[in-house]
Structures are given as structure tokens and as C-alpha cells.
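See structure below.
The values are calculated or read from the model by the stated rules, or taken from the named source; none is laboratory data. Computed from a predicted model, the values in this text were never measured in an experiment. Cβ: placed from backbone, ideal geometry, glycine included. Neighbour counts: every protein chain shown. Just the protein is used for accessible areas: all its heavy atoms, side chains included, with ligands, DNA and RNA removed. Shrake-Rupley method; radii C 1.70, N 1.55, O 1.52, S 1.80 Å.
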Amino acid sequence: MRKIVKKYSKPGKWKVVILFEKRGEEKEWEGIIDARGEGEYELLVVADHRVGETRGRVTVKTVVGRNARVKIRGVIKIAKKAQETENFLEMRGLMLSSTSQVMAEPELEIEANNVKASHAASVGPVDSEQIGYLRSRGLSEAEAIDKIVLGWLGV
Amino acid sequence: MKQILNENSGTGSYRYKSQRGLSENLVREISRKKGEPAWMLKMRLVALEQFEAMPIPSWGADLSQIKWGEIYYYLRPVDLPYKSWKEVPDSVRRVFTAIGVPEAEKAFLAGVTAQFDSEKIYGSLKASLAKQGVVFLSMDEGLTQYPEIVKKYFGKIVPYGDNKLAALNTAVWSGGSFVYVPAGIQVDLPLQAYFRINAEKAGQFERTLIVVEEGARVHYVEGCSAPAYSSASLHAAVVEVIVKERAKVRYTTVQNWYKTVYNLVTKRATVAKDATMEWVDCNLGSRVTMKYPSCILQGEGAHGEMLSMAVAGNGQDQDTGAKMIHLAPRTTSRIISKSISQKGGRASYRGQVKMGPAALGSRSKVTCDALIMDPLSRSDTYPNNQILTGSSQIEHEAYVSRVGEEQIKYLMSRGLTEEEAQTLIIRGFLEPIVAELPLEYAVELNRLVKLEMIGSVG
């Protein structure tokens with residue numbers, strides 16, 4: 001599957017529509033919101049399946065720093081005649097500070113019955129065990145968190 | 001059984017039947033007939049104004065077909081509730097017998113109340129519990145006999161300005177349950193309430209208040225149904241539950257309104273330190289249901305849980321979900337929602353998990369699974385997750401699909417017909433919810449689901 005990756009590293013508001021108009025189309029889209037800087041970040045991504053036998057995979061990852069607010073709304077829409085469609089929408093948020101805020105709204109609007117549509121969202125803080133391990137290897141806490149964030153973003 | 005459930009017994013013998021439509025005079029009349037204190041009448045009137053001023057919600061199911069002016073807002077079948085089933089008029093009693101309420105009461109329950117249109121017609125509570133200070137009455141009786149408790153909590157969890165239907169309920173409420181469990185008391189058997197809409201174009205506006213003191217435990221079960229009318233009726237209930245420290249409450253609903261009823265309900269619980277609130281919600285009937293039981297997790301270590309199932313058939317819109325609001329540290333919540341849409345029905349999950357800034361170390365997990373049985377039906381999920389502190393955790397997953405063909409083929413290769421295979425798979429799908437119901441309800445629910453599912457193959 002062809003994969004498109006988009007990165008957003010400054011506060012802002014974006015809308016992305018992934019359209020499936022040709023039978024058999026397969027598209028993969030990944031959005032990475034690097035919200036380590038203060039401010040408001042808002043992303044709306046819509047996977048619009050108009051015809052059948054299309055496959056999609058949408059992933060949104062975000063790292064949220066101090067006083068940063070991220071809002072992610074992801075919609076999978078499957079029209080009545082878009083049978084045998086598959087899509088998986090995933091949202092993952094990593095929070096770096098007690099003042100980080102995330103609003104995650106993964107939505108599904110399904111009008112065809114012979115489909116597989118699912119979504120998952122998880123948001124949480126950095127794993128303290130991972131930090132502990134890196135610190136025991138000589139990194140400072142800040143360096144450890146940096147490394148974990150880079151690994152998590154997958155860049 | 002379905003036949004008896006779909007019949008009505010007419011309103012000829014009713015003690016009181018209001019005019020159609022809503023008016024200040026009607027509200028005053030209701031309050032006067034019940035002999036209420038002045039503060040309750042005042043609240044009803046303010047709520048009526050609020051109802052008239054507020055718009056119908058612009059989200060959710062379609063409510064534009066409700067004919068507010070044609071509904072009977074208050075219908076009183078009898079003057080005093082009966083204390084024994086023998087005394088209850090035959091036409092009323094046979095409905096409850098068909099559902100098995102008197103039988104269940106003898107064997108499985110700690111107490112029972114039965115409501116017919118706007119008033120309670122029967123009530124009982126095991127003597128041993130009454131001696132320990134447990135109270136299980138209709139809301140009207142609760143107001144008369146325990147005014148201080150009612151005044152302390154009524155409208156505090158769901159204020160009349162909360163939404164248009166809560167305002168309506170506060171103005172014309174009648175019936176519903178008042179449950180009070182003193183500290184430390186464990187009520188082992190369920191308390192059961194059964195609500196029946198009988199008259200055509202009736203509105204039922206029950207108001208329930210449940211107060212459970214520290215360390216106490218209770219399980220409240222309610223069932224509801226209405227006969228087969230072609231015109232619409234309205235059920236707008238409000239339920240307020242207060243769960244104090246270390247207490248545990250479970251509230252189970254099996255909703256089986258006929259397919260012309262608009263079922264618009266506000267249910268909310270506050271949960272104190274180390275306490276637990278569990279909602280178990282089964283929605284089979286009604287034309288439209290909009291219901292999102294909530295837990296406000298106010299105390300440290302509070303836990304909220306929602307197990308919900310909905311079956312949406314032809315012409316039905318089940319718009320249900322849950323709200324978990326985490327306001328304190330180390331609170332947890334879990335939502336499991338299972339829905340089936342078939343024959344053109346629409347099932348939607350609408351939920352919210354909110355982690356407030358003080359909800360440090362809190363966790364929540366939401367799982368929504370939906371089956372769409374045929375190309376005519378529809379399933380949607382609208383989860384709203386707000387995490388306002390970096391040290392809390394939310395997980396959410398949802399899956400929408402049809403019944404797996406390989407699963408059906410496998411069962412058929414073992415000798416089941418396609419219909420039997422389908423039914424078995426659906427029962428397995430719903431099993432996590434059904435397993436939590438009291439035994440006789442689980443049996444009943446399985447039967448009701450089976451009735452709904454017949455003919456949905458293909």
C-alpha cells in the first residue's frame with residue numbers, strides 16, 4: 001500500500017480528506033503532530049470510501065508538550081455501495097507534561113454491512129520504566145525523554 | 001407473551017386523565033393532586049418555563065416528529081398503590097404476570113414496584129430490609145415520607161436546566177423510584193421496578209433518586225414496555241444516583257418499549273472516594289432512544305462502568321452511549337458497548353471520556369463493537385475523548401463488521417441451519433453483557449433478542 005506521511009510541527013489547523021473513488025484503491029496515510037511547542041493544534045482527517053473493495057489505513061501520532069493542546073478528529077465514512085471496504089484508524093498520543101491536553105475523536109459512519117472498519121485511540125504519559133532504564137545507562141532525564149519521543153514518532 | 005405485551009387495557013377505568021398537551025394549569029394540577037410541598041411546585045413551574053425556552057437538541061436522533069401538544073402528560077389509573085397482587089385489577093395484573101414479575105418477586109427479588117402510566121400501582125419490600133432502614137418507594141411516596149432526603153438531592157445531579165428533556169421531566173414528573181440504603185447495609189437481592197405505558201399517546205416521566213450511603217451495596221433493576229400503538233408516545237425519565245464512599249451500586253435496565261415510543265432519558269451518578277457505579281443497559285425497543293448514562297467520578301479511586309447493548313431494527317434509531325467524567329486522581333472507568341443494526345435500523349454509540357486536570361494517574365478503556373446485518377442498516381460511533389492532564393490514560397477501540405461468513409459456514413457444517421448459526425453467533429456477541437444480568441432477565445433477554453433476530457438472515 002502506498003503510504004503518505006505528513007508532519008505538522010507548529011500550531012495550526014488542518015483538514016485532510018482521503019478519497020477512495022476507484023474500486024480496489026488502497027491508501028495509507030500517517031499524520032505526525034509534533035506538539036512539543038506551546039499552542040493549539042487541530043487536525044481533521046476524513047477517509048471517504050465512496051466505492052467498494054477499497055482499503056485504507058489512517059494513523060495519527062502526536063507528542064504533546066507543556067501547555068500544548070491537540071485536537072484530532074478522524075472520521076471513517078463508508079457509503080452504502082462501498083461494500084467489502086476495510087479501514088483501520090489509529091490515534092496515539094504521548095503526553096510529556098501535566099499541562100498537556102489532547103482531544104481525540106475517532107468517528108465511524110458506516111452505511112454498508114459487508115465491511116471491516118475499526119479504530120483505536122490511546123493517550124498516555126511516557127513510560128517511567130523506559131525513562132528509568134535509559135537513565136541507568138547514563139542519560140539525563142531530558143535526554144531520555146528525547147530519545148523515547150524520537151523512537152515513538154518513528155522518524 | 002409478545003401478544004399480551006402488545007395489548008392495552010384502555011383508560012376507561014382511570015381515576016384521572018389529563019387534557020392533552022402541556023400547560024401551567026396542568027403542572028399545578030399534578031402538584032395539587034399529589035399534595036406536594038411548595039418548593040416542589042415552584043421547581044416544576046420554573047422547569048416548565050425552561051422547557052419552553054430551550055431548543056430541541058440539534059444532534060443525535062431525529063426528534064422533529066414528536067407532537068408535543070397531543071401527548072397526555074398525566075394519567076392516573078388507580079388512587080392508592082396496592083400491596084398485594086391479588087388486589088390489582090385483572091387487566092393490569094395480567095401484563096405483569098406475562099412478564100413474570102410476581103413470580104420473580106417470590107423467588108429472586110428483595111422488593112418490587114410496578115408503575116402503570118403515571119402512577120405506582122403496586123409495591124413491596126422484604127420486611128428484613130425495611131427493618132434495617134432500607135427504603136424502596138415510588139418517588140411520590142419518597143417526597144411525602146422522606147422530604148429532607150429528597151430536598152437535599154433532588155435536581156442536584158441533573159438540574160432542570162441540563163437539557164430540554166430534563167426540564168420537561170422536572171415539570172411533569174410522576175412516579176419513578178426512591179431508594180435509600182443506610183451506611184454499611186448490603187442488599188443482596190435486586191430491587192426491581194417495572195414501568196408500563198398503557199394509554200395511547202401517553203407520556204411517562206418517571207423520576208428516580210437513589211441514595212446509597214457509605215459502604216452500602218444495592219442492585220436496582222428496571223424493565224419497561226408499552227403496547228403496540230400506531231401513534232407515538234414519549235418516555236422522558238431522569239435518574240439521579242448518589243454513591244457515597246466505598247459504596248457499590250449497579251443499575252440494570254432492560255428497555256423494550258414498543259416501536260413507536262420516543263425514549264429520551266438522562267441518567268447520571270456521582271461516585272465518591274473508592275466507590276463503584278455500574279450501569280448495565282439493554283436497549284431493544286423504542287422508535288428512538290437517546291440515552292447516555294454517566295458517572296461523575298468525584299472521589300479519589302472512584303470507578304465507573306458501563307455495559308451497554310442495543311439492537312436496532314426496522315425504523316429504529318438507538319443512539320446510546322455513556323459518559324465518564326474523571327475529576328479526581330486514580331479514578332478508573334470502563335465502557336463496553338455492543339450494538340446490532342439490522343433490517344434498516346441505525347445504532348450509534350455516542351460517548352465521552354473526560355480526564356479533568358486533577359485526574360492524575362487515572363485510566364479509562366472503551367470498547368465498542370458493532371454488527372451490521374444487512375445493506376439496509378447503519379452503524380456509527382461518535383466518541384469524544386478529552387484528556388486535560390498529561391498523567392492520565394485513555395484507550396478506545398471500536399470495530400464494525402458483519403457476522404463472519406466462515407463462522408456461519410463452520411456451524412452449518414456441524415449441522416445447524418443458517419438461522420441457528422446466526423442466532424448462536426449473535427448470542428455469543430452479546431454474551432459479556434447478558435452474563436451480567438440477573439438469571440431470569442438473562443433468559444428473558446435471550447428470548448427477546450431471538451424474537452428480534454428472526455427473519456434477519458439474508
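One line per residue, one yes/no per condition, for (1) in a loop (DSSP other than H, G, I, E, B); (2) acidic (Asp, Glu); (3) open to solvent by 10 Å² or more (accessible area, probe 1.4 Å):
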residue: B:150; (1), (2), (3): no, no, no
residue: B:158; (1), (2), (3): yes, no, no
residue: B:162; (1), (2), (3): yes, yes, yes
residue: B:165; (1), (2), (3): no, no, yes
residue: B:174; (1), (2), (3): yes, no, no
residue: B:180; (1), (2), (3): no, no, yes
residue: B:184; (1), (2), (3): yes, no, yes
Which one is nearest to the chain's Cα centre (by Cα), of the residues in the stretch B:421-442 that are open to solvent by 80 Å² or more (accessible area, probe 1.4 Å) and free of Cβ contacts under 8 Å to residues at least 40 places away in the same chain?
B:431
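Only one of these is touching a residue at least 40 places away in the same chain (Cβ under 8 Å), of a type in the set (Gly, Ala, Ser) and surrounded by 24 or more Cβ atoms within 10 Å (Cβ to Cβ): B:299, B:285. Name it.
B:285
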Sort out which residues of the stretch A:77-98 are more than 7 Å from chain B (Cβ to nearest Cβ), in contact with a strand residue (DSSP E or B) (Cβ under 8 Å, 6 or more places away or on another chain), part of a loop (DSSP other than H, G, I, E, B) and open to solvent by 10 Å² or more (accessible area, probe 1.4 Å), and write them in order of number.
A:79
From B:410, B:349, B:399, grab the single residue that is closer than 23 Å to residue B:250 by Cα and among the aromatic types (Phe, Trp, Tyr).
B:349
The lone condition residue B:338 fails out of (1) at the interface with chain A (Cβ under 9 Å from one of its Cβ atoms); (2) under 26 Å from residue B:259 (Cβ atoms); (3) open to solvent by 10 Å² or more (accessible area, probe 1.4 Å); (4) outside any loop (DSSP other than H, G, I, E, B) is (1)
Filtering the stretch B:212-221 down to residues that are under 17 Å from residue B:113 (Cα atoms) and open to solvent by less than 10 Å² (accessible area, probe 1.4 Å), which residue is modelled with the highest pLDDT?
B:218
Residue count, the stretch B:375-397 (criterion: at the interface with another protein chain (Cβ under 7 Å from one of its Cβ atoms), closer than 26 Å to residue B:430 by Cβ and open to solvent by 10 Å² or more (accessible area, probe 1.4 Å)):
6
Being surrounded by 14 or more Cβ atoms within 10 Å (Cβ to Cβ), more than 7 Å from chain B (Cβ to nearest Cβ), without any contact (Cβ under 8 Å) to a residue 40 or more places away in the chain and of a type outside the set (Val, Ile, Thr) narrows it down to one residue among A:144, A:104, A:121; which is it?
A:144
Name the residues in the stretch B:175-209 that are over 29 Å from residue B:132 (Cβ atoms) and not basic (Lys, Arg), would you?
B:197, B:198, B:199, B:200, B:202, B:203, B:204, B:205
The lone exception for residue B:365 - which of (1) in a strand (DSSP E or B); (2) under 30 Å from residue B:261 (Cα atoms); (3) touching a Lys or Arg at 6+ places or on another chain (Cβ under 7 Å); (4) within 14 Å of chain A (Cβ to nearest Cβ) it fails:
(2)
I'd like to know if the stretch B:189-204 contains one or more residues that are in the same structural domain as residue B:276 (by TED's automatic domain parsing), farther than 27 Å from residue B:323 by Cα and at pLDDT 90 or above.
no
Single condition residue A:128 does not satisfy, out of (1) modelled with pLDDT under 90; (2) under 22 Å from residue B:362 (Cβ atoms); (3) under 20 Å from the mean Cα position of the chain (by Cα); (4) more than 10 Å from every other protein chain (Cβ to nearest Cβ):
(3)
Does residue B:320 satisfy the criteria of being without any contact (Cβ under 8 Å) to a residue 40 or more places away in the chain, among the hydroxyl-bearing types (Ser, Thr, Tyr) and buried (at least 20 other Cβ atoms within 10 Å of the Cβ)?
yes
For the stretch B:403-420, pairs from a residue that is surrounded by 13 or more Cβ atoms within 10 Å (Cβ to Cβ) to a residue that is small (Gly, Ala, Ser), with Cβ under 7 Å and 6 or more apart or across chains, are B:408/B:421; B:411/B:421; B:412/B:421
Show the residue pairs that are 6+ apart or on different chains and have beta-carbon atoms under 7 Å apart, the first residue being within the stretch B:5-30 and assigned by TED's automatic domain parsing to the domain that holds residue B:259 and modelled with pLDDT of 70 or more, the second being among the hydrophobic types (A, V, I, L, M, F, W, C) and open to solvent by 50 Å² or more (accessible area, probe 1.4 Å).
B:22/B:68
Of these, A:145, A:72, A:78, which one is under 21 Å from residue B:338 (Cα atoms) and at pLDDT 90 or above?
A:78
Matching residues, the stretch B:66-99, being under 23 Å from the mean Cα position of the chain (by Cα) and polar (S, T, N, Q)
B:97
